[in-house]
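Worksheet for the structure shown next.
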Amino acid sequence: QIWRPVTALFFYPIGPSTGFHFLINCYFLYNYSQRLESSTFAGKPADYYCMLVFNWCCCVIIALLV
């Protein structure tokens, strides 16, 4: 089941009660990511990409353990 880590990224139960929550999460993700990219990782796109991949891997591993 090698597709599970990839498909887990696209799953979010969007419904009438969770749609606004999903939009707020997308906004915060974009806002904080933009802030990180322009301050902490300014001029270091490879380091920023490695941080994103590392965080994604940690989330997948923790999800598999829980």
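The values are calculated or read from the model by the stated rules, or taken from the named source; none is laboratory data. Just so it is clear, the structure is predicted and the values come from calculations on it, not from any experiment. Note that each Cβ is placed from the backbone with ideal geometry, even for glycine, and that neighbours are counted across all protein chains shown.
Flag: residue 20 matches the condition of being at pLDDT below 90 and either in a helix (DSSP H, G or I) or within 17 Å of the chain's Cα centre (by Cα) (or both). When the residues of region 1-17 are filtered to those that are surrounded by 10 or more Cβ atoms within 10 Å (Cβ to Cβ) and more than 15 Å from the chain's Cα centre (by Cα), the one that is modelled with the highest pLDDT is 4. Residue count for region 40-56, restricted to those that are loosely packed, with under 12 Cβ neighbours inside 10 Å and aliphatic (A, V, I, L, M): 3.
Would a scan of region 28-39 turn up a residue that is within 11 Å of the chain's Cα centre (by Cα) and of a type in the set (A, V, I, L, M)? Looking through region 28-39, at least one residue is within 11 Å of the chain's Cα centre (by Cα) and of a type in the set (A, V, I, L, M).
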